[in-house]
1. Being over 22 Å from the mean Cα position of the chain (by Cα), polar (S, T, N, Q) and within 19 Å of B:T252 (Cα to Cα) is the filter here, so list the residues in the range B:185-238 that pass it.
2. Hey, does the range A:444-462 have a residue that's assigned by TED's automatic domain parsing to the domain that holds A:L263, aliphatic (A, V, I, L, M) and outside any loop (DSSP other than H, G, I, E, B)?
3. Determine if the range A:384-395 includes at least one residue that is under 27 Å from A:R288 (Cα atoms) and touching a helix residue (DSSP H, G or I) at 6+ places or on another chain (Cβ under 6 Å).
4. Within the range A:248-272, restricting attention to residues that are of a type in the set (S, T, Y) and in contact with a helix residue (DSSP H, G or I) (Cβ under 6 Å, 6 or more places away or on another chain), which residue is nearest to the other protein chains (Cβ to nearest Cβ)?
5. So, in the range A:28-37, how many residues would count as being within 9 Å of B:D243 (Cα to Cα) and assigned to a helix (DSSP H, G or I)?
6. Out of A:R208, A:R245, which single residue is over 22 Å from A:E294 (Cβ atoms), of a type in the set (K, R), in the same structural domain as A:E301 (by TED's automatic domain parsing) and touching a residue at least 24 places away in the same chain (Cβ under 8 Å)?
7. Given the conditions (1) within 20 Å of B:Q296 (Cα to Cα); (2) within 14 Å of chain A (Cβ to nearest Cβ), report the number of the one that B:V220 does not fulfil.
8. If B:T203 satisfies all but one of (1) under 24 Å from B:H337 (Cα atoms); (2) in contact with a helix residue (DSSP H, G or I) (Cβ under 7 Å, 6 or more places away or on another chain); (3) surrounded by fewer than 22 Cβ atoms within 10 Å (Cβ to Cβ), what's the number of the condition it fails?
2 protein chains.
Amino acid sequence: MSFKKLDDLCRKLEALEHALAILGADEATHMAVGGGEKRAEAMAALAGMHHRQATAPEIADWLAAAETEELDEMQRAAVRELRRQYVNMTCLPSEFVERQTQARMRSEQLWRDLRAKGDWAGFLPALDGVVALVREEAQMRAEKLGLDPYDALMEQYDPGNRAADIAPVFDDLKAFLKDFVPEALAVQEERLAKRPLKALSGTYPVERQRELGLAMMAAVGFDLTHGSLSVSHHPFCGGVPTDVRITTRYRTTEFLSALMGVLHETGHALYEQNLPQDWAHWPLGRARGMAVHESQSLFVEKQIGRNPAFWQWALPRLEEHLGEAWSMEDILPHVHHVARGLIRVDADEVTYPLHVILRFELERELVSGRLATKDIPEAWDAKMRDYLGLSTIDDPADGPMQDVHWPGAAFGYFPSYTLGAMMAAQQWAALAKAVPDVDAGIAAGRFDAVNGWRREKIWSQGSRWSTPELLERATGEKLNAEYFIGHLKARYGA
Amino acid sequence: MSFKKLDDLCRKLEALEHALAILGADEATHMAVGGGEKRAEAMAALAGMHHRQATAPEIADWLAAAETEELDEMQRAAVRELRRQYVNMTCLPSEFVERQTQARMRSEQLWRDLRAKGDWAGFLPALDGVVALVREEAQMRAEKLGLDPYDALMEQYDPGNRAADIAPVFDDLKAFLKDFVPEALAVQEERLAKRPLKALSGTYPVERQRELGLAMMAAVGFDLTHGSLSVSHHPFCGGVPTDVRITTRYRTTEFLSALMGVLHETGHALYEQNLPQDWAHWPLGRARGMAVHESQSLFVEKQIGRNPAFWQWALPRLEEHLGEAWSMEDILPHVHHVARGLIRVDADEVTYPLHVILRFELERELVSGRLATKDIPEAWDAKMRDYLGLSTIDDPADGPMQDVHWPGAAFGYFPSYTLGAMMAAQQWAALAKAVPDVDAGIAAGRFDAVNGWRREKIWSQGSRWSTPELLERATGEKLNAEYFIGHLKARYGA
């Protein structure tokens with residue numbers, strides 16, 4: 001039976017994915033500094049084995065045969081999703097993949113060296129090569145998948161997302177934010193004039209911050225028997241669903257960045273820990289994609305973790321672990337602080353979407369060829385002035401050189417961040433309709449109703465639906481910017 | 001060129017071995033408790049991939065072809081050692097390996113459950129099944145390798161070791177120890193009557209003990225850029241040569257068990273860290289075997305770590321990290337304490353060999369069929385009374401049920417422990433001849449001469465020679481019990 005053959009294949013692939021996930025997390029947390037070269041060799045070899053096994057030609061036959069077998073609904077969904085992954089993995093000739101991998105690695109390396117110097121001119125030829133290959137890639141993917149080129153790139157990260165659907169939603173959001181950012185800043189200025197930002201009272205030992213983070217993780221639903229918290233330079237959520245590794249980094253001079261980071265990664269971890277276990281070895285049992293994953297992390301960080309109701313419960317925890325006896329009037333201005341800035345990863349939830357929309361617009365132009373790589377800095381600067389009133393023309397390190405995505409050939413990824421923020425707000429609105437006293441529960445430290453809804457609507461669904469289908473089934477409607485806009489107005493508006 | 005094919009094969013196998021080594025170390029140190037089932041599945045699948053790739057039939061052709069190619073001396077040695085490994089891995093039919101694996105896993109599981117209850121009768125049928133299969137295994141290995149059955153089993157752990165060579169050396173040692181143990185105990189009693197054992201003065205925080213352990217590791221030569229120290233229930237040395245993971249466990253009521261454990265594992269780690277890197281992916285570049293590995297750990301733990309010269313350097317470290325201002329007269333009775341006991345892993349270096357010789361003698365009888373499994377407890381008890389004057393007949397948990405080796409079908413492994421102790425003493429004697437002021441260097445915290453000698457004679461040799469050849473090349477003579485006996489007399493005698 002072909003389904004059985006595919007099931008065996010998925011178990012083998014899962015073993016290699018398990019190894020790669022744990023080796024990757026280990027590298028960032030526990031590996032000796034001198035172990036990097038051999039680790040890279042080992043992971044490259046394992047990734048090669050995985051790719052060869054996952055793209056073997058006989059899989060096409062097994063898939064075709066399995067599609068004619070008598071299977072139940074979940075098995076059919078499993079085969080469907082495996083075919084989707086197989087097509088996405090096999091639609092590029094291996095000669096092209098090798099060429100692109102080399103160009104990408106060279107460009108990433110060069111980017112790391114030149115970003116610090118803000119040397120755009122030195123970096124341009126490498127990026128130009130990457131963009132040329134991405135255009136080629138998008139064309140090939142588009143032909144195989146019957147999609148527009150940019151959509152074919154997005155398909156790798158968020159199946160079913162189409163620029164034609166997203167662009168108008170982003171346009172609505174952009175139009176709103178261009179007016180709303182100044183409004184939110186004015187509101188904040190007025191409030192801070194009356195009551196300045198509460199000063200941090202002392203130093204915060206790492207071990208205490210860690211205990212606070214663990215207490216919050218556990219309360220919010222993180223299963224500490226199936227995951228752990230450690231330290232890495234860049235926070236991440238990695239590992240495997242039965243052993244989710246999240247990390248943060250600590251500064252002893254303040255506690256909010258580590259704590260909000262822990263909540264963000266906890267959101268990713270809850271998704272992983274609650275995926276359908278029976279299908280863990282099939283693509284069907286995996287998280288749907290980048291936007292949905294980001295919606296889960298932002299749900300915990302923004303919808304829960306920056307919700308005043310949450311702090312009713314959390315303030316006593318803060319006092320218990322860090323000795324900070326803060327009031328709501330002390331904490332909220334910190335967790336709701338808004339600022340215009342040049343750097344996407346430092347942005348708050350009000351300004352962040354403008355960073356993403358700028359990139360989304362530029363990368364669509366880049367992929368289509370309407371924008372030349374050399375013209376990026378001016379185009380970037382013009383949009384940055386328009387959307388946030390800031391200029392980046394003199395320092396490309398704070399402009400188009402700030403992100404690894406383009407040097408790494410990851411075009412079509414950026415929209416996921418803001419789609420995730422919008423989907424989180426839309427999920428919150430649907431949840432609040434289904435569970436009217438959701439704030440009261442959170443204020444009392446009870447997250448079971450919230451998590452029950454999310455488990456049913458999102459986590460347990462794995463990769464059964466496309467990204468837009470999953471959202472619509474969970475919330476009853478298509479992606480709608482109004483929920484996110486309403487959320488920002490309520491939290492930051494006049 | 002076939003050598004190139006073998007080189008590529010070794011790189012692939014190395015990647016899987018890297019993954020298995022890190023996943024194994026991670027499981028014991030950082031894995032979430034609930035992650036065990038999936039980890040076991042993943043490791044079994046990776047081990048299966050490794051076994052399939054390492055035993056592929058075409059390797060026989062490549063080996064045969066490579067043996068006719070024009071290769072330099074190291075390449076020829078690499079091919080020779082790879083053939084040895086290939087023959088050892090392929091000499092059992094896979095049908096048999098599966099049957100044995102199942103029996104072994106069942107028996108190990110049962111052993112874990114029944115050992116606590118001391119239920120020998122309940123465990124006997126499972127062990128009997130394992131022994132029957134080991135006899136079959138030994139016969140098949142013996143035929144393929146042209147060795148005696150027991151030697152064919154030892155060949156897996158220590159290539160070149162032969163019972164006919166070891167038995168007389170063990171007999172010498174046994175004859176000596178049966179008289180020497182009472183002598184050493186009398187000497188100790190007399191000394192303790194004059195000056196009782198120094199009491200431990202307080203509690204020893206884990207973090208302080210860890211810092212002391214790290215300081216000693218680094219001083220003795222552990223490269224902290226290529227390895228780390230963490231905590232696990234059973235101390236071990238794992239990982240890969242570029243990233244050696246050693247562990248210990250701490251009790252806050254005393255500091256010597258964790259510290260001596262760190263020194264022991266550091267001995268293993270130094271061997272791994274100093275293997276020939278160019279051959280890391282070939283069996284040639286690996287540690288020679290269990291006895292040589294144990295000789296390296298015991299060299300650091302016993303020859304260095306319990307040497308009075310070492311404590312001249314170490315006592316100020318003890319005071320610095322733990323606040324214990326001890327004299328030589330305080331510390332030496334602790335690190336040289338001797339006691340008769342039933343449990344091998346708790347034994348000191350004087351009594352330990354008798355535990356091993358007892359097992360070596362019994363397992364030779366078991367493998368040959370001269371001893372029946374059901375008769376083990378009586379045979380064990382008789383030897384234990386004869387060698388150490390203790391009885392185990394009423395509690396098999398403290399007798400033949402104490403070790404995992406036999407339930408796990410690892411026959412031929414036990415001799416390695418005592419061969420390691422003897423080889424360490426023989427290496428120390430050869431080193432002391434080559435470096436006459438070795439004690440003065442150690443007393444001053446200088447380990448470069450010691451490590452330079454060991455690097456040249458042992459570590460850099462990888463698996464180039466059989467175990468007896470390596471020892472003879474390093475020390476100028478065959479295994480000779482007199483060095484170990486001399487060491488014990490000097491340290492513990494009247």
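1. B:S201, B:T203, B:Q209
2. yes
3. Kept after step one, since they are under 27 Å from A:R288 (Cα atoms), are these residues of the range A:384-395: none.
So far as the range A:384-395 goes, no, none of its residues is under 27 Å from A:R288 (Cα atoms) and touching a helix residue (DSSP H, G or I) at 6+ places or on another chain (Cβ under 6 Å).
4. Only one residue tops the list, namely A:T266.
5. At the first step, the residues of the range A:28-37 found to be within 9 Å of B:D243 (Cα to Cα) are A:31-36.
If we keep only those that are assigned to a helix (DSSP H, G or I) as well, we get A:33-36.
Count: 4.
6. Within the list A:R208, A:R245, the selection yields A:R208.
7. So B:V220 meets the others, but not (2).
8. Condition not satisfied by B:T203: (2).
The values are calculated or read from the model by the stated rules, or taken from the named source; none is laboratory data. Everything numeric in this text was worked out from a predicted model, so none of it was measured. Note: ideal-geometry Cβ built from the backbone for every residue, glycine included; neighbour counts use all protein chains shown.
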